[in-house]
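Trainee: One structure, pasted below without further comment.
The values are calculated or read from the model by the stated rules, or taken from the named source; none is laboratory data. Bear in mind that the values here come from a model prediction, so they are computed numbers and not experimental data. Here Cβ is always computed from backbone atoms with ideal geometry, including for glycine, and neighbour counts include all displayed protein chains. Ligands, DNA and RNA are excluded from the accessible area calculation, which covers all protein heavy atoms including side chains. Shrake-Rupley method; radii C 1.70, N 1.55, O 1.52, S 1.80 Å.
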Amino acid sequence: MTITKLDLLPARGKRRTFLSGFTLSATAIALLAGRERLGLVGAASAQTANNDVTILNSALGAEQQAIAAYQLGADSGLLQKGVKDLAVQFQGHHKAHADALAKAVTKLGGKPVAALKDYSFPKDKLKSQNDVLTFAASLEKGAVSAYLGAVPILGDRDLAKAAASILGDEAMHWAVLRQALGQNPVPDAFVS
C-alpha cells in the first residue's frame, strides 16, 4: 500500500487523522493489469516502504526518549510551575508525534519499536531548573537535526511532509527552551 494523504497539522485545535487514504500499490496495479514489468516498480515501492519504516521507527524511538526526558524533568521537583506546565505541554507534543509515527509504521506493515524501560539520562547532573532546561534543549536540538536528515531520505513524500511538520515543532521547542535559558532563541538563519 502507498500512503496518499498525510496530515499532521492541527485543524481547529484538534489533530487530524495521521493517515487518511490509501491507493493500491504499484505491484497490485501491475498484477491487475497483467503487466509484469510494472511489478518491478512495486518491488521498489516495497523496498521504499521498508526503508521508511526503519526511518520512522528511529524517529519513534527518539520521540519516546523525549517523552521520558520530559517526565524526568516534570518529576524532578526542580521546575517552577510555569516551566513545568510548558514541559508537560512539550511532552504532550512528543506523545502525539510518537502516536502518529507508530500508526504510520503499522500502516506500512512494520512493527513500531517499543519504548525503553530505562534511558541513560544524566540524572546526576540535573541539579537546577537551568540544568533541566539545558538538557531538554539539547534533546530538542538533536531532534531537529535528526528530522532534518530524515526529510530528504523518506521515500514517501507525504511522510517527508509529516516529518518536516514535526521538525518545525521540535525547532519551536528548542527556540522556546533557549529563550527560557536567556539565550538567543534563533541564533542562526539556518538549522543544521
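Trainee: Can you tell me how many residues within segment 156-185 are without any contact (Cβ under 8 Å) to a residue 60 or more places away in the chain and part of a loop (DSSP other than H, G, I, E, B)?
Mentor: 5
Trainee: Considering only residues of segment 112-142 that are among the charged types (D, E, K, R) and in contact (Cβ under 8 Å) with a residue 24 or more places away in the chain, which is nearest to Asp169 (Cα to Cα)?
Mentor: Glu140
Trainee: Would segment 111-130 turn up any residue that is open to solvent by less than 20 Å² (accessible area, probe 1.4 Å) and more than 17 Å from Gln64 (Cα to Cα)?
Mentor: The answer is no; no qualifying residue exists.
Trainee: Looking at (1) at pLDDT 95 or above; (2) within 22 Å of Val144 (Cβ to Cβ); (3) of a type outside the set (Gly, Ala, Ser), find the lone condition where Lys103 falls short.
Mentor: (2)
Trainee: State whether one or more residues within segment 87-101 are in a helix (DSSP H, G or I), within 16 Å of Gln64 (Cα to Cα), of a type in the set (A, V, I, L, M, F, W, C) and open to solvent by 30 Å² or more (accessible area, probe 1.4 Å).
Mentor: Within segment 87-101 (the criterion being in a helix (DSSP H, G or I), within 16 Å of Gln64 (Cα to Cα), of a type in the set (A, V, I, L, M, F, W, C) and open to solvent by 30 Å² or more (accessible area, probe 1.4 Å)), the answer is yes, since at least one residue qualifies.
Trainee: For residues that are touching a helix residue (DSSP H, G or I) at 6+ places or on another chain (Cβ under 6 Å) and not small (Gly, Ala, Ser), tally how many sit in segment 96-120.
Mentor: Total meeting the criteria: 7.
Trainee: Among the residues of segment 60-102, which ones are of a type in the set (Gly, Ala, Ser) and closer than 18 Å to Met172 by Cβ?
Mentor: Residues satisfying the conditions are Ala62, Ala66, Ala69, Gly73, Gly82, Ala87, Gly92, Ala96, Ala98, Ala100.
Trainee: Find the residue count for segment 145-192, including only residues that are open to solvent by less than 70 Å² (accessible area, probe 1.4 Å), among the aromatic types (Phe, Trp, Tyr) and over 11 Å from the mean Cα position of the chain (by Cα).
Mentor: Number satisfying all stated conditions: 1.
Trainee: How about segment 52-98: which of its residues are under 20 Å from Leu148 (Cα atoms) and charged (D, E, K, R)?
Mentor: The answer is Asp52, Glu63, Lys95.
Trainee: Check Ala59 against each of (1) surrounded by fewer than 21 Cβ atoms within 10 Å (Cβ to Cβ); (2) out of contact with any strand residue (DSSP E or B) (no Cβ under 8 Å at 6 or more places or on another chain); (3) under 22 Å from Leu167 (Cα atoms) and name the one condition it does not meet.
Mentor: Condition not satisfied by Ala59: (1).
Trainee: When segment 65-86 is examined, which residues are found to be touching a residue at least 24 places away in the same chain (Cβ under 8 Å), open to solvent by 30 Å² or more (accessible area, probe 1.4 Å) and not in a helix (DSSP H, G or I)?
Mentor: Matches in segment 65-86: Ser76, Leu78, Gln80.
Trainee: Also: Which numbered condition in (1) touching a Leu at 6+ places or on another chain (Cβ under 9 Å); (2) under 14 Å from Ala66 (Cβ atoms); (3) of a type outside the set (S, T, N, Q) is the only one that Pro185 fails?
Mentor: Tallying (1) touching a Leu at 6+ places or on another chain (Cβ under 9 Å); (2) under 14 Å from Ala66 (Cβ atoms); (3) of a type outside the set (S, T, N, Q), Pro185 fails exactly one: (2).
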